[in-house]
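Worksheet for the structure shown next.
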Amino acid sequence: MTDRLPEIDTHSGVETTGHEWDGIKELNNPLPRWWRFVFWASVVVAVIYWILMPAWPALPGMQGHTTGVLGQSDRADVAGEVSAARAARAALGAKLAAQDAASILKDPELSQLALGLGESAFGDNCATCHGAGGRGAKGYPQLSDDVWLWGGSLDAIEQTVKFGIRSGHAQAHVKDMPAFGRDDFLTAAQIDDLVQLVRQASHQTADATAAIRARPVYDANCASCHGDDMRGDRTQGAPNLTDEEWLYGGDAPSIRRTIFGPRGGVMPAWTDRLDPATVRALAIYVHSMGGGE
């Protein structure tokens, strides 16, 4: 048996391998020298890496992996960085807790820290009820306007964040509106007249005659909290009835429902759930949303 003579491609003059697909013949070109150099250099680098760095899983029956001559560990590096970040945050957090909110706003570094920490804490703990950016929802106050039931100063906001509203905490804001209808303090007709008075005060279409009838009822039952001018009282958490801001709705059925039997929403006390620095940062962030005083 004789060896097969190499076939030379007529177009390139290069020997073929004998492989052919659909009339296309494979040329027996050698690999470029640079490619072979890179390949063997990669092999050498890989061997060196295996020696220096963690690379190979342990053999059966052994735990872990080869640690490498350098003892490098990304896990240890990350743990160290996290520990350092926590220490740095704790130091800055101590500064936040040690200074009042007004002083923090005068310090650019602490102010930026407070806003960043407050935004993060708001997203984790408050946005579920108050919405992203504090836009609010029915039954949950909007925090980006200038309407405040219990005050919009830095101290007032921090007080609310700390102790909440009807939260059960000893220092929580607590003011319950009587259930004038459910507890039979007022008749259905008196409540209907009061609805018209509130709608008139808030510049809505209303029955003027009913509003006049309601005025003595309002003075006897509502003015002590909402004021003779119906503009509310922050010290009691009594809302202004002359503006167009409504927690549960300003249409006639919603107003009647509130007078008949108020909802009495609850905000938790965050002082037992968040550290003092985070509570202060939250107050500063809420104050910065646009409605702070």
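The values are calculated or read from the model by the stated rules, or taken from the named source; none is laboratory data. Keep in mind it's a predicted model, so treat the numbers as computed, not measured. Heads up, the Cβs are rebuilt from the backbone with ideal geometry, glycines too, and the neighbour counts pull from every protein chain shown.
The set of residues in the range 117-133 that are modelled with pLDDT of 90 or more, within 10 Å of V286 (Cα to Cα) and more than 8 Å from the chain's Cα centre (by Cα) contains only G118.
Yes/no matrix, rows are residues, columns are (1) under 26 Å from L105 (Cβ atoms); (2) among the hydrophobic types (A, V, I, L, M, F, W, C); (3) in the same structural domain as T278 (by TED's automatic domain parsing):
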{"position": "V147", "(1), (2), (3)": "yes, yes, yes"}
{"position": "W150", "(1), (2), (3)": "yes, yes, yes"}
{"position": "P239", "(1), (2), (3)": "no, no, no"}
{"position": "L247", "(1), (2), (3)": "no, yes, no"}
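Restricting attention to the range 58-79, the residues being closer than 21 Å to I48 by Cβ and either touching a residue at least 40 places away in the same chain (Cβ under 8 Å) or polar (S, T, N, Q) (or both) number 4. Just one of the listed residues (E245, E293) is in contact with a Pro (Cβ under 9 Å, 6 or more places away or on another chain), surrounded by fewer than 19 Cβ atoms within 10 Å (Cβ to Cβ) and touching a residue at least 12 places away in the same chain (Cβ under 8 Å), namely E245. For the range 167-236, the helices (runs of 4 or more DSSP H) that sit wholly inside it and include 2 or more residues that are crowded, with 19+ Cβ neighbours inside 10 Å are 188-201, 208-221. Any residue at all in the range 153-175 that is closer than 15 Å to L247 by Cα and not assigned by TED's automatic domain parsing to the domain that holds Y248? Yes, the conditions are met somewhere in the range 153-175.
In the range 33-92, what residues are of a type in the set (V, I, T) and either more than 30 Å from A281 (Cβ to Cβ) or touching a Ser or Thr at 6+ places or on another chain (Cβ under 9 Å) (or both)? Walk me through it before giving the result.
Our first condition is that a residue be of a type in the set (V, I, T); within the range 33-92, this holds for 38, 43-45, 47-48, 51, 66-67, 69, 78, 82.
Selection gives V38, V43, V44, V45, V47, I48, I51, T66, T67, V69.
Only one of the listed residues (V82, V43, V38) is free of Cβ contacts under 8 Å to residues at least 24 places away in the same chain, assigned by TED's automatic domain parsing to the domain that holds L113 and in a helix (DSSP H, G or I). That residue is V82.
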